[in-house]
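Everything on this sheet refers to the single structure shown next.
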Amino acid sequence: AQSVTQPDIHITVSEGASLELRCNYSYGATPYLFWYVQSPGQGLQLLLKYFSGDTLVQGIKGFEAEFKRSQSSFNLRKPSVHWSDAAEYFCAVGESGGYNKLIFGAGTRLAVHP
Amino acid sequence: DAGVTQSPTHLIKTRGQQVTLRCSPKSGHDTVSWYQQALGQEPQFIFQYYEEEERQRGNFPDRFSGHQFPNYSSELNVNALLLGDSALYLCASSLSSGGLGTEAFFGQGTRLTVV
């Protein structure tokens, strides 16, 4: 069965610093991978997605992610964090067998210090 | 485009009661999925509706049921509420013809509190 692991529960960075959030997946074939962001009490907003092709994916709000099949990873990066980036970040994989059911990791809560 | 809209935004119910949550998908979308997100946890898939039929179901008891209407909107019903049903319920819509990995758009959720 597919699964997603986000090793870091909480991360704190200073505003302007670079950011990398880790995501590891377990999947037999080429995965469909997503990063979502959630502000407190709100829904989920898609940052970026990977299906195939170029392993470096650009998303909204200056985020990018790199798919590394050899490491089963899909880490999210941003070169310079803004205070408004403070939120919960979820990595997800689309389940095989169709229908696009999403399986989420446990999430990483990002705090940004001024 | 209003995106995915859910109602109500907040709801308080008593144990044993029944609740209905509503979702209108993004314009043009024909598939609706429901997720439960307990406080501090990740979203968990409840079920998905397409062509007014439940197409896939997660590991949730039969107390959780749903419906999809001809206009693609959807309802989530939960019977015999338990304290553990307290959560943020998220609706996500997508386009079936988009194929595997098509993007799901999420609503803002309904916060259900069971007391």
Among all the aspartates and glutamates, which ones have a C-alpha under 14 Å from B:Lys13's C-alpha, if same-chain residues fewer than 8 places away are not counted?
B:Asp85
Threshold 20 Å² - residues in region B:100-115 whose accessible area is reduced by that much or more when the chain is no longer isolated, probe 1.4 Å
B:Leu100, B:Gly101, B:Thr102, B:Glu103, B:Ala104, B:Phe106, B:Gln108
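Ignoring any ligand, DNA or RNA, what whole percent of the accessible area of region B:33-115 comes from carbon and sulfur when the probe is 1.4 angstrom?
Numbers: 1790 of 3570 Å².
Here carbon and sulfur together make up 50 percent of the probe-accessible area.
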Under-5 Å amide H pairs with B:Phe47, H placed in peptide plane, nonlocal only
B:Trp34, B:Gly58
Check: chain B dipole with +1 on Lys, Arg Cβ and -1 on Asp, Glu Cβ, in debye
440
HN-Hα couplings for region A:61-78 via Karplus (6.51, -1.76, 1.60; θ = phi - 60°), in whole Hz with x for Gly/Pro, come out as 6, x, 8, 9, 9, 10, 8, 10, 4, 5, 9, 6, 10, 8, 7, 9, 9, 8
If amide H atoms are modeled at 1.01 Å from N in the peptide plane, then the residues at a separation of 5 or more from A:Ala87, or on another chain, having amide H under 5 Å from its own are A:Leu110
Please compute the net charge surrounding A:Tyr99, taking Lys and Arg as +1 and Asp and Glu as -1 over other residues with Cβ under 13 Å from its Cβ.
-2
Assigned charges on the beta-carbon of Lys, Arg, Asp, Glu; region A:3-113 dipole about Cα centre (debye)
160
Around A:Ala86 (Cβ within 13 Å, Cβ-to-Cβ, excluding A:Ala86; K/R +1, D/E -1) the net charge comes to 0
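Around A:Glu66, with a cut-off of 14 angstrom between Cβ atoms, what is the net charge of the other residues, counting Lys and Arg +1 and Asp and Glu -1?
Spelling it out: positives minus negatives among the neighbours equals +3.
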Given a 1.4 angstrom probe, what's the average accessible area per residue across chain A, in square angstrom?
46
Once phi is turned into θ = phi - 60°, what whole-Hz ³J(HN,Hα) does the Karplus curve with 6.51, -1.76 and 1.60 give for every residue of region A:79-90, x standing for Gly and Pro?
x, 8, 7, 10, 4, 6, 7, 4, 4, 9, 10, 10
P(r) of region B:8-115 over all Cα-Cα pairs, binned every 10 Å from zero, in whole percent
16, 50, 29, 6, 0
Summed buried accessible surface, chains A and B, 1.4 Å probe, nearest 100 Å²:
1900
What distance in nm lies between label points placed 7 Å from Cα along the C-beta direction at A:His113 and B:Arg57?
5.0
Let me spell out the model: positive unit charges on the Cβ of Lys and Arg, negative unit charges on the Cβ of Asp and Glu, origin at the Cα centre of the protein assembly as shown. What dipole size does that give, in debye rounded to 20?
360
Low-density loop cleavage sites - GluC sites (Glu not before Pro) in region B:6-97, where at most 14 other Cβ are within 10 Å (DSSP)
B:Glu51, B:Glu52
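To one decimal place, what Kirkwood hydrodynamic radius in Å is obtained for the protein assembly as shown from all pairs of distinct Cα atoms? Intermediate values should be presented prior to the final figure.
Values: mean 1/r = 0.0553 Å⁻¹.
Across the protein assembly as shown, the inverse of the average 1/r is 18.1 Å.
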Given A:Cys91, A:Pro31, A:Pro7, which one lies farthest toward the positive end of the charge dipole of region A:3-113, if we put +1 on the Cβ of every Lys and Arg and -1 on the Cβ of every Asp and Glu?
A:Pro31
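The values are calculated or read from the model by the stated rules, or taken from the named source; none is laboratory data. Predicted model, so just to flag it, every value in this text is computed and none were measured. Cβ: placed from backbone, ideal geometry, glycine included. Neighbour counts: every protein chain shown. Only protein heavy atoms, including side chains, enter the accessible area calculation; ligands, DNA and RNA are left aside. Shrake-Rupley method; radii C 1.70, N 1.55, O 1.52, S 1.80 Å.
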